[in-house]
Structures are given as structure tokens and as C-alpha cells.
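Everything on this sheet refers to the single structure shown next.
The values are calculated or read from the model by the stated rules, or taken from the named source; none is laboratory data. What you are looking at is a predicted structure, and each value in this text was computed from that prediction instead of being measured. Virtual Cβ from ideal backbone geometry, glycine too; neighbours counted across all protein chains shown. Just so you know, the surface numbers come from the protein's heavy atoms only, side chains and all, with ligands and any DNA or RNA stripped out. Shrake-Rupley method; radii C 1.70, N 1.55, O 1.52, S 1.80 Å.
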Amino acid sequence: MTIELIGLPGSGKSHISALLAERLRNSGIPVSEPSRRIGHSRTLPRLAAKSACTLIFLLLHPIRTFRTALAVARTRQTSPKNLVKSLFNILFIRGLLVLFARKTRAVLLDQGLVQGCASVHFSASRQLPQGFLASLHAPDLVLRIRADRETVIRRLGERVLGAGSRVEADPAAQLSRYAEALESLSNRPPLEGARIIEIWNDGENKNLNEELDAIVKKLVKMHTSFI
């Protein structure tokens, strides 16, 4: 089963993913966190892993790769650099799903297809075509991680630049645009009709542990129904 965490950069998706993964393992459910593991590795290993996933998807699904490239090109990215970055990111995520998505284990994605599509919209003049969005793998559960703007800006300011986020370089100016990009997918596939749970992760949520425990109980039931 696939669980995607969505939210603004700096909202704490990776942190929540790690907390949830630990709880799931303690409950006896096999867990993979491929996007977090790759995303938090050093620059060269991260680029190599992303390139490998992209190449695997290209080799296994050349027609889907072509359609993905065409869909991203139709969004009219603001620069060739953003076009390449957006396409590479989407193909990387699709490759991850080919490699890791299994019903018999929990796959936690702090960078999944919804987040990837939002990144495309972030630097686009047009939105991704409806037909393309409808063809994407829908997650079994979506966790929407929220945090107030001040907390997000502070967290992004504490990061070391160079991970590739276009928001990190100037978070105060770019966060609103990214929020709009994410919101543009709220009523469209693969988010449309998905089971969504919201979590506040601003450091003031005293019920965070209880909320995560409740989510684990839901996931244990879902996992039991899959196997």
C-alpha cells in the first residue's frame, strides 16, 4: 500500500514519514521509505539513485515516458531548466513506484506523484492535462502535513542549500506560489477521491503522537485487508 505525504517544503513531511515508519515497523508491517532515503542522501548518490529510477521507468515503460514528457512540455515551463527538472522529478517518482509499490508492505513517500505534479505546476504557465493526471497511480492514503508560514520559513532557513528545491532559495517569496500549485490538484487526480488525513506539524501540536498512533491503527487494518 502506498502512503503519500504532501505539503509545503518545510512542513515536516520527512520527519512525519520517519515517525510513522518506526511505528509501522513496531506493528509488524514491512515499510519502505525510498524517497526519504534517496532525498536525504549526499548529492552524488542522490543524483545517481534518481537517475537509475528514471532510467528504469524509461526502459520498462517507454510509451508512458513519452506521454509524461509530452504532458510536462504542454505546461509551458518558465525555462528549459525547469522543464528538465520537472520532467526528471516526475519520471524519478514513477520509477520509484515501479520498484517499490507493493500491496504487502507500506511504501511511505515524502515525495510522491501529487507532490511531483505540484512541482510541475509551480513553474508552469498551464496545468497538467486531466487525462495524464487520471493515468497516474493513486495513493491508498494521503497525509496532508500542515504548518504555519512562520514555522515553514524558519525550517527552510535552517536547511543547507543545494538539495535542489526552488523554494529554499527564497522561501518568503515562493511559498504562496507553491501553495497555489498544490491546491490546484485538490480536486483533480490522483488526489481527487483519495482518502486524506490532515496533520498539523508546527511544533505546537501536543496530540501529534496520538494522531500518528491512530493512523497506524488504520494502516494496520488496511494492510490486513490487502494480504
Restricting the stretch 29-54 to residues that are part of a loop (DSSP other than H, G, I, E, B) and either within 15 Å of Ile90 (Cα to Cα) or in contact (Cβ under 8 Å) with a residue 40 or more places away in the chain (or both), the residue that is most open to solvent (accessible area, probe 1.4 Å): Pro30
Complete set of residues in the stretch 133-152 that are more than 26 Å from Lys218 (Cβ to Cβ) and touching a Leu at 6+ places or on another chain (Cβ under 8 Å): Arg149, Val152
Residues within the stretch 69-88 that are part of a helix (DSSP H, G or I) and open to solvent by less than 90 Å² (accessible area, probe 1.4 Å), tallied: 11
Any hit, the stretch 192-207, residues being of a type in the set (A, V, I, L, M, F, W, C), under 21 Å from Arg102 (Cβ atoms) and surrounded by fewer than 18 Cβ atoms within 10 Å (Cβ to Cβ): yes
